[in-house]
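Chemist: A single structure is presented below for examination.
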Amino acid sequence: MLLVENTLHRTVTSQAFVPLSGAALLTQLRGSTTLRTHTDLGLAGGLRSWLEDACYELLPEDAPLFTINKTSVVRSHLPIQREGVPTFEFLRGVLVSSAFRLHLQLGASETPFLDAMDVLESDARQVGLVGAIRALSPGDLADLQRDVHLHAKNLADRWPTLHPSWLPRTSIGMSVPLAGGRVHLRGWADLLIGAPRQEVASVCLVSIRSTPLHPLHREELHFTALVETLRSGIPPFRVASYSTLTGEIDAEPVTEDLLKGAVHTTIDALRDLRGLNK
């Protein structure tokens, strides 16, 4: 049986819940094309100016460099390490993310765990994670292999086919410098769908979760939408979190209020890094 952790923190899902799949899931990801709004080309500049002003107000000239990411913004986020060692849940999430990328590129795999490990081992930056997986006890390693296989099966059973014209892009890293490079906002999207357009918001930003969905995932996603807006100059029109465990999807349109809320949480994170919220 697939272990379900964090059950006390998950979103409430009815026992009658049936995961969406195929075209129905795709509809939730893409939303209604008739509801897409015209892009306010000045919005990104206004949000950046707001953040720049906050950085110069809060940071003295001799302040160290700061990096703000989704974990910084969601201060109550569960730890990814215990005593310096990556948690089992974090390792599984990394492997499921790799399996998801491979699924989109190559289709269903008969050996998703081995394929995901090949991806990690081919990246010199992941030496530590590969070592942590190799160091698992035989029982934990077997649990990890089983979990990754079951998540991959869920993807094969449920995930829709994405047409090439939608330009699906996976594993997108984002970085936005502020205050002359003294602050860096860093985001990550597991998937971007849709061709960028200047006239109408057209990109959906997707985060893949290997756990049940939690309200904090939405706050993380709002921050990622802000980073993408600052990076590209154009907001995504929609953001979505998808659980490969339960099949839950939480999708919502990106509004000006959503992005302004993300600016507030980003400034709070900067205050936390400076110790100003104590």
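Chemist: Applying 1/(1 + (r/R0)^6) with R0 = 41 Å to the Cβ-Cβ distance of GLU57 and ARG125, what FRET efficiency is obtained, to the nearest 0.05? Could the numbers behind the result be given before it?
Modeler: Details: r = 35 Å, r/R0 = 0.84.
Efficiency for this residue pair is about 0.75.
Chemist: Which cross-chain or sequence-distant (5 or more) residues have an amide H under 5 Å from the amide H of ARG209, H modelled 1.01 Å from N in plane?
Modeler: TYR242, SER243, THR244
Chemist: Enter the angle in degrees (range 0 to 90, nearest 10) between the Cα long axis of helix 138-158 and the first principal axis of the Cα atoms of the chain, meaning the one along which they spread out most.
Modeler: Roughly 80 degrees between the two axes.
Chemist: If you place +1 on the Cβ of every Lys and Arg and -1 on the Cβ of every Asp and Glu, how big does the dipole about the Cα centre of segment 140-278 come out, in debye to the nearest 20?
Modeler: Dipole of segment 140-278, to the nearest 20 debye: 420 debye.
Chemist: Please give the net charge around HIS149, taking every other residue with its beta carbon less than 14 angstrom from that of HIS149, where Lys and Arg add +1 and Asp and Glu add -1.
Modeler: Neighbour charge sum, excluding HIS149 itself: -2.
Chemist: Next question. Which one of ALA240, ALA142, ALA152 has the biggest mean-square fluctuation once the chain is modelled by GNM with Cα springs under 10 Å?
Modeler: In the Gaussian network model the winner is ALA142.
Chemist: Something else now. May I ask for the angle, rounded to the nearest 10°, between helix 256-274 and the longest principal axis of the chain, with both axes built from Cα atoms and the value confined to 0 to 90°?
Modeler: Relative to the chain, helix 256-274 is tipped by roughly 90 degrees.
Chemist: Suppose we keep just the alpha-carbon trace of segment 84-158; what are its Rg and Dmax in angstrom?
Modeler: 11.8, 36
Chemist: If a/c stays under 1.5 just call it rounded; otherwise compare a/b with b/c (prolate if a/b is bigger, oblate if not). Do that for the chain, with a ≥ b ≥ c from the square roots of the Cα gyration tensor eigenvalues.
Modeler: Since a/c reaches 1.5 but b/c is at least a/b, the shape of the chain is classed as oblate.
Chemist: Which value in Å is the Kirkwood Rh of segment 129-173 over different Cα pairs?
Modeler: About 13.2 Å for segment 129-173.
Chemist: With a point put 7 Å past each Cα toward its Cβ, work out how far SER21 is from LYS260 in nm, to one decimal.
Modeler: The answer from the label model is 4.3 nm.
Chemist: A further question on this structure: So what is the 222 nm mean residue ellipticity for the chain from helices alone, if each DSSP H run of at least 4 adds -39500 (n - 2.57) and you divide by all residues, rounding to the nearest 500 deg cm²/dmol?
Modeler: On the way: 9 runs with 124 residues, N = 278.
Per the formula, -14500 deg cm²/dmol.
Chemist: So, one more: Once both axes come from the Cα atoms, what is the angle between helix 215-232 and the longest principal axis of the chain, in degrees from 0 to 90, rounded to 10?
Modeler: Long axis of 215-232 versus the principal axis of the chain: about 60 degrees.
Chemist: Given a Förster radius of 22 Å and the C-beta distance between SER137 and GLN105 as r, what FRET efficiency does 1/(1 + (r/R0)^6) yield to the nearest 0.05?
Modeler: That gives a FRET efficiency of 0.10.
Each reported figure results from applying straightforward, stated rules to the coordinates on display, with no laboratory input. What you see is a predicted model; the values in this text were computed from it and never measured. For neighbour counting, all protein chains shown are included, and Cβ atoms are generated from backbone atoms with ideal geometry for every residue, glycine included.
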